[in-house]
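**Q** Got a structure for you, questions after.
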Amino acid sequence: MLDFDKIGLSGKNIESVEMIEINSPEEVISDEKNLPDTLSILPLRNTVLFPGIVIPVTVTRTKGIKLVKKAYKGDKTLGILSQIKQSSEEPTGEELYKVGTIANILKMLVLPDGNVTIILQGRRRFRVEEYVQTEPHLQARVTYLPDNFPSQKKKETKALIQSLKEAAVSITNLNPEIPKDAQIAINNIDSLVFLTHFLSSNLNVSLSDKQLLLETLDGYEHATRLLEHMHKEIEVLEIKKDIQSKASYDIDQQQREYYLRQQIKVLQEELGMDSPDQEVEKLRTKGAKKKWSVDTNDHFNKELNKIMRTNSMSPEYGIALSYAELLVDLPWNEYSKDNFSLSRAKRILDSDHFGLEKVKERILEYLAVLKLRNDMKAPLLCLYGPPGVGKTSLGKSIAKALGRKYVRMALGGLHDEAEIRGHRKTYIGAMPGKIIQNIQKAGSSNPVFVLDEIDKISRDHRGDPSSALLEVLDPEQNNAFKDNYLEVEYDLSKVMFIATANSLDTIQPALRDRMEIIELSGYTVEEKVEIAKRHLLPKQLEMHGLQSADLKLSSAAYLRVIEGYTRESGVRNLEQKIGSVVRKIAKSVAMGEEYPKVLSPADIEKLLGNPTFDKDLYEGNELAGVVTGLAWTPVGGDILFIESNVSKGKGQLTLSGQLGDVMKESAITALSYLKSHADDLGIDYKVFSNYDLHIHVPQGAVPKDGPSAGITILTSIASIYTQRKVKNNLAMTGEITLRGKVLPVGGIKEKILAAKRANIKEIIMCYKNRKDVEEIGEQYTKGLTFHYVDYVSEVLEIALLNQKVKKPIQFEFKSEEPKS
């Protein structure tokens with residue numbers, strides 16, 4: 001389409017400013033005088049200047065304004081080059097086309113906003129040989145290009161001129177926006193050279209097409225290409241006119257849509273946007289490079305064909321296009337290369353995590369098998385333990401050691417099955433499940449995929465996500481996982497799934513059966529000190545803008561924070577307390593106050609206040625009926641004291657201290673066992689019916705339950721009835737049966753750590769728990785003596801001393817009255 005509103009031969013827009021004397025286009029084009037070898041270059045964004053053509057140009061860039069003012073005061077000559085990228089603000093020589101037009105500045109106007117408008121008239125074409133200057137503006141050495149147009153006297157030339165004029169007239173007739181007097185101007189042009197340049201300048205095509213016309217030196221070829229563009233424009237205008245003529249009648253919906261699509265197509269081409277057909281072809285090209293199966297490829301091309309048949313204005317078009325884009329964005333059979341250096345993996349795990357030797361050993365075993373087989377189906381590892389022990393961060397370390405991508409999916413509170421399997425495309429707002437979304441995000445089909453808090457999945461009327469995870473995590477099924485939105489099978493067998501959980505009780509049994517449980521029991525005090533030194537303090541110093549030289553803590557200060565202000569198996573609360581200390585020091589640094597560079601325990605108490613927790617220590621006493629037990633809690637091990645007392649009554653049993661059902665049953669079982677074995681322990685059977693028994697566990701506000709206190713309760717009852725003192729610095733854990741059998745219990749490591757913190761020297765437990773003790777490192781059991789037992793009689797023999805307490809209870813019984 002020709003745009004005659006631009007400045008051309010008539011110069012009508014120039015007259016509104018003032019009359020300008022314009023040289024004859026033919027004379028300007030043929031003038032070879034005063035053509036300098038070196039030109040100052042003015043880049044234009046969206047315009048191509050042709051020889052003989054007059055155009056106005058508004059210069060807004062600072063360099064360009066300075067250049068124009070300088071040239072206008074001089075020889076008024078500039079080299080005009082078009083930018084390859086219109087978005088470039090300060091184009092370099094490489095960002096400009098090589099062929100341009102030398103131009104004279106006919107007039108310069110300084111606008112109120114500081115910009116400059118100039119009127120340019122093109123003279124000759126030139127080619128840049130090299131740039132000799134870049135600052136303060138571009139300057140190039142050029143070679144001028146001749147206009148190789150055929151002779152005006154040839155019949156071919158005359159025919160070509162006539163064809164161009166007829167095409168131009170046809171365009172002006174078909175386009176009502178072009179003024180009719182433009183035909184008169186065109187008919188008055190006799191020179192093929194100027195006619196070609198004039199029509200090329202006003203042709204409404206892309207800048208690259210105009211530049212190609214400018215670079216075409218052969219005049220006949222130039223005119224021929226120009227004529228092809230004009231004929232294409234005539235066809236478009238005829239179609240448009242035909243559509244508009246039909247609009248006067250009853251236009252049906254299909255004709256209206258076709259017209260609108262044609263309009264949109266033209267606008268998209270002008271804006272450089274892809275048309276619907278181009279978008280589909282781009283997707284088809286991407287799909288051809290994918291490493292997917294034949295079935296998936298057929299499904300993808302079927303979807304593209306469906307898109308081609310769909311109206312681009314309909315809602316279904318956008319849905320189908322988004323689906324096809326998802327298919328090509330997924331990393332089908334694209335895997336990141338594994339790094340099988342076990343020494344490197346061990347180094348990374350040791351650097352990121354202190355302790356956790358059993359867990360790190362299992363991870364190295366997995367990597368070793370994967371290295372040997374190279375096609376091992378990844379098992380599901382479940383890291384189970386209390387909060388803050390590093391379960392989630394272990395997943396990052398594994399990904400780092402393997403060199404795989406890392407993704408994490410939080411499952412806490414998840415209650416919709418569609419979050420795993422996705423929604424069907426028929427629903428509004430449908431999208432793939434979180435599994436496929438994270439695989440797309442990772443860009444690899446074998447990432448390390450952490451399923452965080454798998455024990456906190458819930459369920460409702462929308463389905464059970466735990467059941468949906470069964471297919472994802474089963475190595476025999478997940479090689480053909482089918483997402484509802486994706487509709488085709490996707491291979492998840494190479495993904496290394498790692499789950500984390502705080503409790504195993506709430507995990508669905510079928511899901512738990514697919515997991516390999518690795519327990520993270522927690523850290524010792526010594527390990528916490530090292531973790532705080534190596535990781536927590538440096539991290540908090542960096543977060544609060546301090547240097548390592550600004551603050552240090554002594555080992556005793558770390559110990560004070562751990563024992564006085566935290567009570568946990570992990571280090572999450574410890575990090576918070578260290579962060580609190582660092583913030584207070586940061587305040588002192590910011591205010592220029594004096595503060596100790598190395599903190600002592602006393603400094604810790606000044607900064608954090610009085611300790612929140614008292615260290616659990618063994619309380620020696622001379623009373624009968626007081627026994628120390630060992631218990632497991634969600635934040636690690638702890639000691640507890642079980643107290644028994646008797647008073648005259650009718651043999652009633654009273655339990656206090658918020659005991660759960662299991663501990664109540666243990667107390668009843670222990671009392672029943674003692675009644676049946678009273679003679680063996682030297683207990684008068686009358687005491688059971690003449691004295692009430694009260695069993696109490698202190699800290700009554702804290703609920704207590706679990707199968708670990710059986711032998712502790714029994715020892716406490718036996719001690720109060722026999723008035724024999726319990727051995728000093730002794731603790732015990734284990735369950736009992738009515739037959740007097742001692743049963744094994746769990747949480748051994750946590751209980752041993754609690755015993756060490758309380759300065760316990762001897763521990764009694766079931767013989768079957770010996771293997772659990774042997775698996776624990778020597779640094780945890782050093783200084784402890786273990787007594788392994790199978791029967792309650794052995795417990796009492798070890799725990800109860802032969803000596804009586806200082807003030808034993810004197811049991812008194814009513815004498816039996818003789819029967820008459």
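What follows draws every value from the coordinates through simple rules; no lab data is involved. All values reported here derive from a predicted model rather than from experimental measurement. Methodologically, a virtual Cβ is constructed for each residue, glycine included, from the backbone with ideal geometry; neighbour enumeration extends over all protein chains shown.
**Q** State the answer as a single residue: which of SER82, SER493, ALA549 lies farthest towards the positive end of the charge dipole of the chain, with beta carbon charges of +1 for Lys and Arg and -1 for Asp and Glu, about the Cα centre.
**A** Positive-most Cα among the choices belongs to ALA549.
**Q** When 1/r is averaged over all different Cα pairs and the result inverted, which Kirkwood radius in Å belongs to the stretch 626-804?
**A** Mean inverse Cα-Cα distance, inverted, gives 16.3 Å.
**Q** Per DSSP H run of n ≥ 4, the term is -39500 (n - 2.57); total these for the chain, divide by its residue number, and report the mean residue ellipticity at 222 nm rounded to 500 deg cm²/dmol.
**A** Value at 222 nm, helices only, nearest 500: -12500 deg cm²/dmol.
**Q** Run the numbers on the stretch 626-804 and let me know its relative contact order in percent, using alpha-carbon pairs under 8 Å that are six or more apart.
**A** That works out to 26 percent.
**Q** Can you sort TRP632, TRP292 from fewest to most other Cβ atoms within 10 Å of each residue's own Cβ?
**A** With the fewest neighbours first, TRP632, TRP292 line up as TRP292, TRP632.
**Q** Could you state the angle between the C-alpha long axis of helix 276-288 and the longest principal axis of the C-alpha atoms of the chain, as a value from 0 to 90 degrees rounded to the nearest 10?
**A** Between the helix axis and the principal axis of the chain, the angle is about 50 degrees.
**Q** With a 10 Å Cβ neighbour count serving as the proxy for reagent exposure, in which order, fewest first, do ILE435, ILE562 appear?
**A** Lowest to highest Cβ neighbour count: ILE562, ILE435.
**Q** Follow-up. Given R₀ = 45 Å, FRET efficiency for GLU235-THR38 by Cβ-Cβ distance, to 0.05?
**A** Working from the Cβ atoms, E equals 0.50.
**Q** Shifting gears a bit: About its Cα centre, what dipole magnitude does the chain give when the only charges are +1 on Lys and Arg Cβ and -1 on Asp and Glu Cβ, stated in debye to the nearest 20?
**A** The dipole of the chain has a size of about 1820 debye.
**Q** Count charges around LYS85 for me, please; just the other residues with Cβ under 13 Å from its Cβ, Lys/Arg as +1, Asp/Glu as -1.
**A** Computed value for this residue: -3.
**Q** Right, something else. As I understand it, the dipole of the chain uses +1 on the Cβ of Lys and Arg and -1 on the Cβ of Asp and Glu, about the Cα centre. Which of SER151, TYR767, TYR406 lies farthest toward its positive end?
**A** Highest projection toward the positive end goes to TYR767.
**Q** Where a Cα-Cα gap under 27 Å defines reach, which lysines qualify for LYS664, not counting those fewer than 8 residues away within the same chain?
**A** LYS648, LYS650, LYS675, LYS686, LYS704, LYS725, LYS727, LYS741, LYS749, LYS751, LYS768
**Q** Cut-off under 21 Å on the C-alpha distance; same-chain residues fewer than 8 positions from LYS69 excluded. Which lysines are left, in chain and number order?
**A** Filter leaves LYS107.
**Q** Over the Cα atoms of the stretch 342-519, how large are the radius of gyration and the largest Cα-Cα distance (Dmax), in Å?
**A** In order Rg, Dmax, the Cα atoms of the stretch 342-519 give 16.1, 51 Å.
**Q** Using Cα pairs under 8 angstrom and six or more residues apart, how large is the relative contact order of the chain, in percent?
**A** For the chain, the relative contact order is 7 percent.
**Q** Taking the Cβ of each residue in TYR565, TYR685, TYR721 as the centre, tally the other Cβ atoms inside 10 Å and list the residues starting with the fewest.
**A** TYR685, TYR565, TYR721
**Q** Right, something else. Compute and list, largest first, the equivalent-ellipsoid semi-axes of the chain from the alpha carbon gyration tensor, each √(5λ) rounded to a whole angstrom.
**A** Square roots of five times the eigenvalues give 92, 33, 22 Å.
**Q** Where does the charge balance sit around ILE186 when Lys and Arg score +1, Asp and Glu -1, over other residues with C-beta under 13 Å from its C-beta?
**A** Here the charged neighbours net out to -1.
**Q** How many nm is it between the label spots at GLN133 and LYS346, if each spot is 7 Å from the Cα in line with the beta carbon?
**A** 6.9
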